[in-house]
Each structure stands twice: as structure tokens, then as C-alpha cells.
Amino acid sequence: MLRFQSMVISSCLLLAVTAKKLQAQRLIPQPTQVTATTGVFKLSGTTAIVGGNSAGEAKYLQEAFNNRIHLKLPLQPAAQNNYIRLSLNAKLDSTLGKEGYLLKVTPAGATITAASNAGIFYGIQSLQQLIRYNETNGFTISGVEVKDKPRFGWRSFMLDEGRHFKGAAAVKKLLDEMAALKMNTFHWHLTDDQGWRIEIKKYPLLTKVGGHRDSTQTGSWNSTVYDGKPHDGFYTQDQIRDIIAYATARHITIIPEIEMPGHSAAAIASYPWLGTQHTPIKVPGKFGVHYDVYNVADPKVVTFLHDVLDEVMQLFPSKVIHIGGDEVKYDQWKADAGVQAYMKANQLATPADLQIYFTNAISAYLAGKQRRMMGWNEIMGAKLHEYNDNKDVSTTQLAPGTIVHFWKGELKLINDAVSKGYDVVNSYHAATYLDYNYEQIPLEKAYAFDPIPAGLDAKYHSKILGTGCQMWGEWIPDEMSMEEKVYPRLAAYAEDGWTLPANKNYREFEKALANFYARWSENSIFYHR
Ligand code: ACM
């Protein structure tokens, strides 16, 4: 009996040891399926990259390995062993979709198979995370089979540069980290009250005047302290094209956001006729929601917006164009006789009706150029803000096909949107706003966010395109203060967008973050500790 027991114990121990030995490494975001296999692949300077039809990804892989582990791997048309092979196979589309991949590592080499180069690219990201180093064996990857695809097709990070301009180097650094985390959408908030950051050739004052402010509020929302320093910055169209190319090489789509009709003080400071006041204003250095809004009843203003959107669409290949639409104060429209006459002529009962009427016309303009409008969920017409009157809501139907970017209000507003047929990106502020501090949104809370709200009928789940996390720029004057807010929460949001709920586990995620802390340190990223 004793002997038998000890045999059972020892075989259990053996099993436990084997299981431990073959325990698959935890990645971020955690894949759909990871199976540890036997054997180890040893990487060396002679490991060949066999790129097949994925030349761009092969080159990316070569550069990434050179930068990160200082191995300059040769690109070769074929190899029998000691290879990293990239293999496109369109048939996988039916099981793994456009972004899924298979990764198989054996002692002979690593093979990444996918239906598209986006999948190949994500396989490369997983492969990089699996590399281990020790002095005896050098760089190795344990045998493994990974089968993976994202839960959502929209995995976004938003950067607000209206409030504080960061510049191309900072943006590229962010794009690199997004790519490592398999995020595929960079939502670029380029215009706001406090700054206009995109060159528009037809209206040069937008950047000359609107890209500059004399002084900036510091501290917090109620602060009366200003720094007394000018703040400037904008992207030329050439710089924007360069950044788009950089993002495209990382399978990231850039969604530009051009705010209308509110958050437009910098534009109105540039061209006072865009507003209803017609008196010059300065680009505000104070944060918070401003009163200045476009005079959407004036056809000249609408033409201006079309012209701006034309240049934006020429630059950005993205199918989706974000038009903001959030936090419009209606006071100026209410006070303006021209706007009131326009509302009457078009049978618009409330200023919210006017906003949606205007927004729908913009949607039609974009649709005429094969683009799709997206806007913050104010464009559904509900009252979300205490500064608007209770009666200032709208019953006007928002243009079909619009993507509603949910951020504020009761969660039932999501139900309202999807049941009316709209696609939704869920960026609920209390869970996804990176300007919130770590007391408000600790890492664990960021990690726990499910883009599909509890209680949403399963028949609407496919209407949730995914999720975004938002780095609003008021209180992050420099890159370091921005990074402290972004990292490590970006990794949590990446997993919220990619990983199936059944595969999520905060404790394991936390442990796997060690890999990223090392990476961020190497990349001179100031993460929150
Ligand atoms: C927003 O936070 N105003 C979308």
C-alpha cells in the first residue's frame, strides 16, 4: 500500500515536472491556443529568414531581431533547417480570418502561417515574445504551437495632440509599441480647441494661427495658473504621409479625427468667419469645453469643412473618418439669428437636431467619396452633459452606416445604437481613458474591461467592432508624462481587444508583463511602476 502510494506520488510528481517543463509561455495578448511541444529551437546568426511572399514582413523581422537581440539574420529563398519561415496561405482565411496566424516552433525552426501579411506580422510579434536568453544556450525558443486570432477587428489607441503636440518621433515610438501588442488602429485626434495640428494647404492659417497658443493652463481643470510659454506644433502633409507609411508597415490603420461642430476654437481663431461671433478670438490656453462652435448654417463654413475633409481623405487611406461631434455647447447657436432661421427653414426643433442634421450631411459627403463616418456618441442625440438643457435632445435619425464611438452615458445607449443597426466601438470613459490616473483606473480595472457590455443580447455582439483606449492630452505636456499614463495600461487594453474572455487571467497577465517592462526599459519608455 505504502509502496503503491509512493509510486502514485512519484508518477504524479513526474507528470507535474513534465507539465511544468512543457508549460507554454504566457504572451500578451494571450493567444487563442498555446500548446507546448518538446525540443528547443536555437537561434543564431545563421538562422535564415525565408520570407516567401511576405517580403515586407521578412524585412521587418530582420530589423526587429537586429535591433532587439543584435542578430542580423540573412534573408534566403529556402532553408532545410535553422529557419524562420513566413508562409501565406489564403485558405486559412476561413478559420483564422485576416489577422489570425499559426506559429509552430520545432528544433528545426519556426514557421508562421497566415492568410494575410497582417497575420504573418502578428505571428512575428508572438515569436519575438517567446525568445529566451541564457549564457550557455544563447537565444532559444521552446517548442510550441500557437493558434491565434483576435476577438475584435478594432483595437485602437487614441492620441490627442490638439492639447499638446508630441511630434513624429513620439508617434512612431507609440506605433512600435502598438504593433508589439497587436493593436491595429491609431486614432489620431488632430484638431481641438487648443490646437490645430494638420497642415491644410487651402487654409494655411489653421496651422499658422491655430497651431500656436501663447500660454497654457497647468495643474488641473480648475487651476488659474498658466505657464506663460508659447506652445506650437503641427504636421506637414509630407510628415503625415511618412507616418502613415510607418503605420501601414506595422499593419496599423490611422483614423484621423477632425472635430466638428464643437472643439473648434483653434480653427475659429484662425478664421473668425467659421464661428457665429465673427469677432477674433485667441487659441485658448484653458482646457475644458469651450463655447465656440462652427456656424453650420453658413454654406461657406460647410464648404470649408468639405475642403478640409478633401485634403484629409487625400492623405489618409483609411475607410473610416472620425468627425468628433462630442461636447457641443449650443449657446452660440441659440443666440444667432441666422442659425435660428436656418433651423426653422429646415424644421429642426432643437440644436441637437441641427447637430445631427449637419452631421448627416457630412456623412453623405464622406459616403460620396467611399468613406464611412465615425463620431462620439453625442451624435445619437441623447443629452450627456449637464451644461446642455434637458430639452436639447434630438429625434433626428443618424445616418445609417455611421460608427458610433461610445464613451459616455448609460450603457443602455450602446443597446440603443446597436438595436438601431449601428456598429459601435466601445471606449467607455470610466474604463478606457488613459488621462485618468491609476487610482481611477488601476491596471486591473483596465484589464477587466469587456468591450461587450454585460447584458447585451448575443444577437448584437457582432455589432461591437471592438475597443479603443484614449490618451487625452490636457495634462501630459511632455512625452514622459504621457508614457507614464499609457504604460503598462496599453498592454491591458491590447488584451481586452484581442483575447477571448475565457483565456484572460489577470495574475498571469501581470507575470507576463515582466517581458514588456524589459522591452519598455530597453526602448527608453517611462512606464508607471
Ligand atoms: C470626449 O472625451 N470628449 C470624447
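Only the coordinates and a few stated rules stand behind these numbers; no lab work does. Model, not experiment: these values are computed from the prediction. With ideal geometry, Cβ positions are generated from the backbone for all residues, glycine too; neighbour counts draw on all protein chains shown.
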To test your reading of the geometry: what angle, between 0 and 90 degrees and rounded to tens, separates the Cα axis of helix 299-315 from the longest principal axis of the chain?
20 degrees
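Please rank TRP154, TRP520, fewest neighbouring Cβ atoms within 10 Å first, as an exposure proxy. Don't jump to the answer; show the numbers that get you there.
Details: TRP154 24, TRP520 21.
The most exposed by this proxy come first: TRP520, TRP154.
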What do you get for the angle between helix 168-180 and the principal long axis of the chain? Use alpha-carbon atoms, 0 to 90 degrees, nearest ten.
50 degrees
Net charge dipole size for the range 146-254 [Lys, Arg +1 and Asp, Glu -1 on Cβ; Debye, nearest 20]:
500 debye
Percent relative contact order of the chain, based on C-alpha pairs within less than 8 angstrom and at least six residues apart?
13 percent
Quick one: if the Förster radius is 45 Å, what FRET efficiency do ALA349 and ASN503 give, using the C-beta to C-beta distance and rounding to 0.05?
0.35
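Rounded, prolate or oblate: which fits the range 179-234 when a ≥ b ≥ c are the square roots of the eigenvalues of the alpha-carbon gyration tensor, with rounded for a/c under 1.5 and prolate only if a/b beats b/c?
oblate
Given Cβ point charges of +1 (Lys, Arg) and -1 (Asp, Glu) and nothing else, what value in debye, to the nearest 20, does the dipole of the chain about its Cα centre take? Kindly include the intermediate steps, with their values, before the conclusion.
Details: 55 positive and 53 negative charges, 419 e Å.
So the magnitude is around 2020 debye.
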Quick check on the chain: helices-only [θ] at 222 nm, where DSSP H runs of length 4 and up contribute -39,500 (n - 2.57) each and the sum goes over total residues. Nearest 500, please.
-10500 deg cm²/dmol
Taking the inverse of the average 1/r across all pairs of different Cα atoms in the chain, what Kirkwood radius in Å do you get?
24.9 Å
Label THR38 and GLN340 with points 7 Å out from Cα along Cα→Cβ: what is the distance between them in nm?
8.6 nm
Could you work out how far helix 489-498 tilts from the main Cα principal axis of the chain, as a 0 to 90 degree angle to the nearest 10?
80 degrees
Looking at the chain, what % of its DSSP beta bridges pair antiparallel, to the nearest 5?
35 percent
Let me know the whole percent of all Cα-Cα pairs from the range 89-162 that are separated by more than 13 Å.
69 percent
Counting all C-alpha pairs of the range 199-348, share separated by more than 19 Å (%):
60 percent
Most exposed first by the Cβ proxy, i.e. fewest other Cβ within 10 Å, how do VAL302, VAL424 rank?
VAL302, VAL424
Under the 7 Å Cα-to-Cβ spin-label approximation, PHE526 and LYS229 lie apart by a distance in nanometres of 1.2 nm
Does the range 281-376 come out rounded, prolate or oblate, given a ≥ b ≥ c as the square roots of the eigenvalues of its C-alpha gyration tensor, rounded meaning a/c under 1.5 and, failing that, prolate meaning a/b above b/c?
oblate
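At 0.36 nm per residue, minus the direct Cα-Cα distance, what do GLN239 and ASP307 gain on full extension? Give it in nm, one decimal, please.
Extra length from GLN239 to ASP307 when fully extended: 22.5 nm.
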For the range 231-331, what does the relative contact order come out to in percent, with C-alpha contacts under 8 Å and a separation of six or more?
38 percent
Hey, got a sec? Which chymotrypsin sites (Phe, Trp or Tyr not before Pro) in the range 369-429 land in a DSSP loop and have at most 15 other Cβ atoms within 10 Å?
TYR387
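Just want to confirm a number: the relative contact order over the range 330-384, from Cα pairs under 8 angstrom separated by 6+ residues, in percent. Walk me through the numbers before you get to the answer.
Numbers: 22 pairs, mean separation 14.3, N = 55.
Normalised by residue count, the contact order of the range 330-384 is 26 percent.
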Subtract the Cα-Cα distance of LYS459 and ALA249 from 0.36 nm times their separation in residues, and report this length gain in nm to one decimal.
72.1 nm
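Sorting check: for 448-457, 95-104, 71-80, which peptide has the highest mean count of neighbouring beta carbons within 10 Å, and how do the rest follow?
On the way: 448-457: 15.9, 95-104: 20.7, 71-80: 12.7.
Ranked from most to least packed, the peptides come out as 95-104, 448-457, 71-80.
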Spelling it out for THR216: with amide H atoms placed in the peptide plane at 1.01 Å from N, the residues 5 or more places away or on another chain with amide H under 5 Å from its amide H are ASP227, GLY228, LYS229
Of all DSSP beta bridges in the range 182-272, what percent run antiparallel (nearest 5)?
45 percent
Once Lys and Arg get +1 and Asp and Glu get -1 on their Cβ, which of ASN505, HIS461, ILE441 lies farthest toward the positive end of the dipole of the range 440-528?
HIS461
Please compute the Cα-Cα pair-distance distribution of the range 397-477 with 10 Å bins starting at 0, giving whole percents from short to long.
18, 47, 26, 8, 0
Cβ neighbours within 10 Å, averaged per peptide: list 118-128, 339-349, 44-54 in order, most packed at the top.
118-128, 44-54, 339-349
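How would MET313, MET373, MET480 line up from fewest to most surrounding beta-carbon atoms within 10 angstrom?
So the ranking, lowest neighbour count to highest, is MET480, MET313, MET373.
Quote the convex hull volume per residue of the range 432-501, based on C-alpha atoms, as a whole number of Å³.
Details: hull volume 6.7 nm³, N = 70.
Cα convex hull per residue, to the nearest whole number: 96 Å³.
Please give the net charge around GLU386, taking every other residue with its beta carbon less than 15 angstrom from that of GLU386, where Lys and Arg add +1 and Asp and Glu add -1. Intermediate results must be reported in sequence, preceding the final value.
Values: positive: LYS329, LYS383, LYS391, LYS408; negative: ASP326, GLU327, ASP331, GLU378, ASP389, ASP392, GLU410.
That sum, taken over residues with Cβ under 15 Å, equals -3.
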